[in-house]
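The values are calculated or read from the model by the stated rules, or taken from the named source; none is laboratory data. Quick caveat: nothing in here was measured; it's all calculated off a predicted structure. With ideal geometry, Cβ positions are generated from the backbone for all residues, glycine too; neighbour counts draw on all protein chains shown.
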Amino acid sequence: MNREEARLELDATTLRPRDASPEARAMLDSDAELAAWHEKRAAFDEAVAEALHDMPMAAGLRENILRAATQPAKRPLRWITPTAIAAAACVLVGWTFLWPGSSAMAAWEAESLNTIAKVEHGVMRLDERAESLEAVKKHLTSAECPCPSALPPALAHLRTLGCKRVRIGGHAGTIICFALESGKEAHLLVLDNEGLCDCPTADEGPCFKSARNWRYASWSHGSHAFMLATTADEAALKRLFGLV
């Protein structure tokens, strides 16, 4: 069994981990990357469960889901079971509550923070893994992706996890992931800001905000807009700018 086979099996049995084969579970002890993914996957499930715990359930929701699963379709898909439909519904509703972006934010900020959250929870996988900022920058330069020329000084001393190419509102961007000493992560979005609406000006400096359980700062420098976001507390975020 290779890493991808084990990941698929563990993902399929995330709600019943004992149903995974001993071989797949054993790989968690020997494969650090797989173990890190599994930890994020479990954290995602717990966050969804917490978000849904106090949510009032619509009357007849379970019956409607099961009824839809049993109704014949024009092209019936026999592999879709009531359990699969219910699971998909839970994931969809769960993400609605986990997305930190909102209509009260600038459009690019809301989309950026939602995309960062997907990277944090492993829904979007990194394109390149690297443990140093220099290695990440080298990859971004060779791939002709947005690459930061100036950063908060503390970031240069942090271990990186890798990077992800994204598009935000039609603009090319890059997310660089950093490991914090607390075990949390910080994610830096670098975005081409030409024609970007509601983009902060270069003279404003970082603007600190919060949304759900996220803290983030946004600013501009040259031709790029930036967002640095983390689920760590505000003091940890401000320390990255040398403000605490």
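Restricting attention to the range 191-205, and to residues there that are in contact (Cβ under 8 Å) with a residue 40 or more places away in the chain and surrounded by 19 or more Cβ atoms within 10 Å (Cβ to Cβ), which single residue is nearest to L151 (Cα to Cα)?
L191
Results for (1) touching a strand residue (DSSP E or B) at 6+ places or on another chain (Cβ under 9 Å); (2) at pLDDT below 70; (3) not β-branched (V, I, T), shown as yes or no for each residue.
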position	(1), (2), (3)
R67	no, no, yes
Q71	no, yes, yes
L77	no, yes, yes
S102	yes, no, yes
L113	yes, no, yes
V119	yes, no, no
L140	yes, no, yes
C145	yes, no, yes
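When you look at A186, is it loosely packed, with under 15 Cβ neighbours inside 10 Å, of a type in the set (A, V, I, L, M), in contact (Cβ under 8 Å) with a residue 40 or more places away in the chain and not in a helix (DSSP H, G or I), yes or no?
No, not satisfied.
Determine if the range 209-224 includes at least one residue that is in a loop (DSSP other than H, G, I, E, B), touching a strand residue (DSSP E or B) at 6+ places or on another chain (Cβ under 6 Å) and either in the same structural domain as T160 (by TED's automatic domain parsing) or touching a residue at least 60 places away in the same chain (Cβ under 8 Å) (or both).
Taking every residue of the range 209-224 in turn, none turns out to be in a loop (DSSP other than H, G, I, E, B), touching a strand residue (DSSP E or B) at 6+ places or on another chain (Cβ under 6 Å) and either in the same structural domain as T160 (by TED's automatic domain parsing) or touching a residue at least 60 places away in the same chain (Cβ under 8 Å) (or both).
Quick one: which residue in G173, G162 is on the phi > 0 side of the Ramachandran plot and part of a strand (DSSP E or B)?
The unique qualifying residue is G162.
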